[in-house]
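The values are calculated or read from the model by the stated rules, or taken from the named source; none is laboratory data. This is a predicted model, so every value here is computed, not measured. Positions of Cβ are generated from backbone atoms using ideal geometry, with glycine treated the same way; all protein chains shown enter the neighbour counts. Surface accessibility is based on the protein's heavy atoms, side chains included, excluding ligands, DNA and RNA. Shrake-Rupley method; radii C 1.70, N 1.55, O 1.52, S 1.80 Å.
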Amino acid sequence: MQALTVQEVDRLGRNLLEGLIVLNDLFQRGIAVKVLDGIATGEHTERSLILDLALALVEDRRRDIIKKTKNGLGSARARGRVGGRRPVVDDDKRRVILARRAEGQSIRQIATAVKVSAGVVHKTLNPAPQSFRA
C-alpha cells in the first residue's frame, strides 16, 4: 500500500474542508496517510475522529493567528505606524522622473539617470489605485 507522509495534518490543506477533501480522495485511491507530529500521529488508512479533530484544530489556530495579526496591524496603524519598505522615490525624484518622461525619455533612460530601477520608474509613472483592507 502506498502512503503519503506529512509532518503535520495541516500540510494536507489550507482549511478544514480542503483537508477533508484531500483525505477522502487519498483514502478512496487506497493511499494511506502517515502523520509524523501532532495529535494525529500515526498511519491512517481511513478517516477517523482524530484526523477530523486535528484538521479542525488547525483551522481554528489559523483563524486565531489571522485575527491577532489584523488586531496588531490595526493597533499599529492607530499609533501611526505603517509596515513595509520605505519609498525609494521622494518628491524631488518624482518631479525629475515626471519631467524626464514629459521630455520623451524612455523608462530605462530615466531609471539610469535617477539611479533607480525601471520598475520604480514605472510605478512612479503609473501609481496603483489605493485600496483599503479591513
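Tabulated values for the structure
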quantity	calculated
Pair list, Cβ < 8 Å and 6+ apart or interchain, from region 61-88 residues that are farther than 30 Å from Ile39 by Cα to residues that are open to solvent by 80 Å² or more (accessible area, probe 1.4 Å)	Ala76/Val82; Gly83/Leu73
Residue list for region 96-115, restricted to those being under 17 Å from Pro127 (Cβ atoms), surrounded by fewer than 15 Cβ atoms within 10 Å (Cβ to Cβ) and under 34 Å from the mean Cα position of the chain (by Cα)	Leu98
Identity of the residue in region 34-86, loosely packed, with under 11 Cβ neighbours inside 10 Å, within 30 Å of Val120 (Cα to Cα) and among the basic types (Lys, Arg), that ends up nearest to the chain's Cα centre (by Cα)	Arg85
Candidates Gln2, Gln28, Gln7 - the one that is under 26 Å from the mean Cα position of the chain (by Cα), farther than 18 Å from Arg63 by Cα and not acidic (Asp, Glu)	Gln7
When residues of region 23-33 are limited to those that are open to solvent by less than 50 Å² (accessible area, probe 1.4 Å) and of a type outside the set (Phe, Trp, Tyr), the one farthest from Ala54 (Cα to Cα)	Gly30
